[in-house]
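*Asks:* One structure, as structure tokens, below. Some questions next.
The values are calculated or read from the model by the stated rules, or taken from the named source; none is laboratory data. Since the structure is predicted, the reported quantities are computational estimates derived from the model, not experimental observations. Every residue, glycine as well, gets a Cβ built from its backbone with ideal geometry; the counts of neighbours run over all protein chains shown. The area values use the complete protein model at the heavy-atom level, side chains included, leaving out ligands, DNA and RNA. Shrake-Rupley method; radii C 1.70, N 1.55, O 1.52, S 1.80 Å.
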Amino acid sequence: MPWYSSPSATIVYNSKRIITSPITHNKYDKKDKLKYPTLKKASKPERAGFSSKKLRRIDRLIKQEIKNGFPGAALVVIKDGKIVKNTAYGFAKKYDGHRLLKNPQKMKVDTMFDLASNTKMYAVNFALQHLVSKGRIDLNQTISHYYSSFRDNPTDKIKGKDSIRIIDLLNHTAGFSSSVHYYNPVRAAELYSQDRNTTLEMVLKTPLQYEPGTSQIYSDIDYILLGFIIEKITGQPLDKYVETHIYKPLGLKSTKFNPLKYGHKEKDFAATELIGNTRDGVISFPNIRTHTLQGEVHDENSFYSMDGVSGHAGLFSTTGDLAVLLQVMLNNGGYGKVKLFDKETIDLFVKPSDMNPTYGLGWRINANESMEWMFSEHANKNVIGHTGWTGTITVIDRDNQLAIALLTNKKHSPVINPQIDSNRFQGDTNEISQYGKIIKAVYEAMII
């Protein structure tokens, strides 16, 4: 009997019960020869099926964006277990407030980025995929099973909390709005909280916006709840769980929540908003930051209401560390002698939703033309990935054993017109911020 033999895990998806392969664990018996591919640098791009000449075209594209005022970026491309490209461009920090620095801080390949919503994938989804593979979680379980206070209030206009399951949160069909500004008493009203324990209470009390299962709205609330559920199941804070069971076993040194608390310095990071969370002075709420953000999570709910550790935002990483996490997905769940989850679990999580095929369980899918802005027209319909508000995208092409991470600090730029649209920064107007142009260039650099 192989070392990993154990009872099979039962998973429920779209009301269908699925029996997965035997549960697997992280430990390997000395006799076990199973070893997943680990990344090695390609001696030259052609050895991994890429054209050096065409890859230089990507360099020119991004450098032109830097000349046009874009702050900075880092790009890593892996193919067939080889690092084809890992390049930094522009500046990690070029502003202090609105003042342009005389000597801007250059971007490096080991610069750490605020991943924003890519946290959802490389913290929560990786944790859930790990827990599902170990048989420790049933995706069809209701939220009220874990939190009895998660129930309808008499004054709620929309009812149905008792039926909401983990899988509904992953599908973004649970009934929640896209977000609640828990950190702002004016916006959140009775749901206001800048204390993590209180925030859990407020999230559980948050009313539904629509009847569960009748629509699909991408929601940070879904992933805030998923993060709390992981903590409930494992008995560990989310950051400690992923550090212990995912990042440390993989040898990752720069993938962390609240990294400034663990020895990293501000200079290690790509800066984001210029004047804290004020959107160049038009927004105010208690304890708002007004300094240029560098090494602190930008997301307001994560920073003020969740102490920097949340399922929807808060994770920092580098292109090098992300390359390993991307390779785990290409390897069907493992890296070296570490097995995190199995292929069947990945297949489950990337299965297109019946309601909208561009959604899997958390993962976004290149299912139709509506996703070309992100994945480009060259990616096939099975390609998956995610984006982050700060300017990050990850792309995973399992069919071609190709993965891409483009990390930018596009929000490290002035707000164009704070009074009209406080969320539109100058960096948002550059072509690189649409992602697809760079992803397209990567595909076109492959030798066919």
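*Asks:* Across region 256-274, which residue is farthest from Arg424 (Cα to Cα) among those that are in contact with a strand residue (DSSP E or B) (Cβ under 9 Å, 6 or more places away or on another chain) and in a loop (DSSP other than H, G, I, E, B)?
*Replies:* Filtering first and then ranking leaves His264.
*Asks:* Here's a check for you: in region 211-269, which residue that is closer than 13 Å to Phe316 by Cα and of a type in the set (Val, Ile, Thr) is surrounded by the fewest Cβ atoms within 10 Å (Cβ to Cβ)?
*Replies:* Thr255
*Asks:* Return yes when Ala405 is without any contact (Cβ under 8 Å) to a residue 40 or more places away in the chain and among the small types (Gly, Ala, Ser) and no when it is not.
*Replies:* Criteria not met by Ala405.
*Asks:* Quick one: which residue in Ile166, Ile158 is surrounded by fewer than 19 Cβ atoms within 10 Å (Cβ to Cβ) and among the β-branched types (Val, Ile, Thr)?
*Replies:* Ile158
*Asks:* To continue, here is another question. Would you check if there is a residue in region 372-379 being closer than 27 Å to Leu274 by Cβ and either out of contact with any Cys (no Cβ under 9 Å at 6 or more places or on another chain) or of a type in the set (Val, Ile, Thr) (or both)?
*Replies:* Checked region 372-379: at least one residue is closer than 27 Å to Leu274 by Cβ and either out of contact with any Cys (no Cβ under 9 Å at 6 or more places or on another chain) or of a type in the set (Val, Ile, Thr) (or both).
*Asks:* Whether any residue in region 285-293 is open to solvent by less than 10 Å² (accessible area, probe 1.4 Å) and either in contact (Cβ under 8 Å) with a residue 12 or more places away in the chain or not β-branched (Val, Ile, Thr) (or both) is what I want to check.
*Replies:* yes
*Asks:* Filter region 174-193 for residues that are within 23 Å of the chain's Cα centre (by Cα) and open to solvent by 10 Å² or more (accessible area, probe 1.4 Å) and give the result.
*Replies:* Residues satisfying the conditions are Ser177, Ser178, Ser179, Val180, His181, Tyr183.
*Asks:* Go through region 411-446 and count every residue that is of a type outside the set (Gly, Ala, Ser), farther than 24 Å from Thr38 by Cβ and not in a strand (DSSP E or B).
*Replies:* 20
*Asks:* So, one more: Do you know which residues across region 139-155 are assigned to a loop (DSSP other than H, G, I, E, B), of a type outside the set (Ser, Thr, Tyr) and open to solvent by 40 Å² or more (accessible area, probe 1.4 Å)?
*Replies:* Listed by number, the residues that qualify are Asn140, Gln141, Arg151, Asp152, Asn153, Pro154.
*Asks:* Could you check region 334-359 and list, in sequence order, the residues that are touching a residue at least 60 places away in the same chain (Cβ under 8 Å) and within 17 Å of the chain's Cα centre (by Cα)?
*Replies:* Passing the criteria: Ile346, Phe349, Tyr359.
*Asks:* Being of a type in the set (Gly, Ala, Ser) and outside any loop (DSSP other than H, G, I, E, B) is the filter; apply it to region 288-324 and report the residue that is nearest to the chain's Cα centre (by Cα).
*Replies:* So, considering only residues that are of a type in the set (Gly, Ala, Ser) and outside any loop (DSSP other than H, G, I, E, B), the one nearest to the chain's Cα centre (by Cα) is Ser317.
*Asks:* Ok, one more. Under the condition of being of a type in the set (Gly, Ala, Ser) and within 25 Å of Gln294 (Cα to Cα), which residue from region 45-83 is farthest from the chain's Cα centre (by Cα)?
*Replies:* Gly69
*Asks:* Could you go through region 34-48 and let me know if any residue there is modelled with pLDDT under 95, buried (at least 19 other Cβ atoms within 10 Å of the Cβ) and not aliphatic (A, V, I, L, M).
*Replies:* no
*Asks:* Here's a follow-up. Could you please give the count of residues in region 181-214 that are part of a loop (DSSP other than H, G, I, E, B) and without any contact (Cβ under 8 Å) to a residue 60 or more places away in the chain?
*Replies:* Qualifying residue count for the region: 10.
*Asks:* In region 113-136, is there at least one residue being over 28 Å from Trp363 (Cβ atoms), in a loop (DSSP other than H, G, I, E, B) and either out of contact with any Cys (no Cβ under 6 Å at 6 or more places or on another chain) or of a type in the set (D, E, K, R) (or both)?
*Replies:* no
*Asks:* OK, next. Of the residues Ile158, Ile224, Ile167, Ile230, only one is over 25 Å from Lys343 (Cα atoms), assigned to a helix (DSSP H, G or I) and of a type in the set (A, V, I, L, M, F, W, C); which?
*Replies:* Within the list Ile158, Ile224, Ile167, Ile230, the selection yields Ile224.
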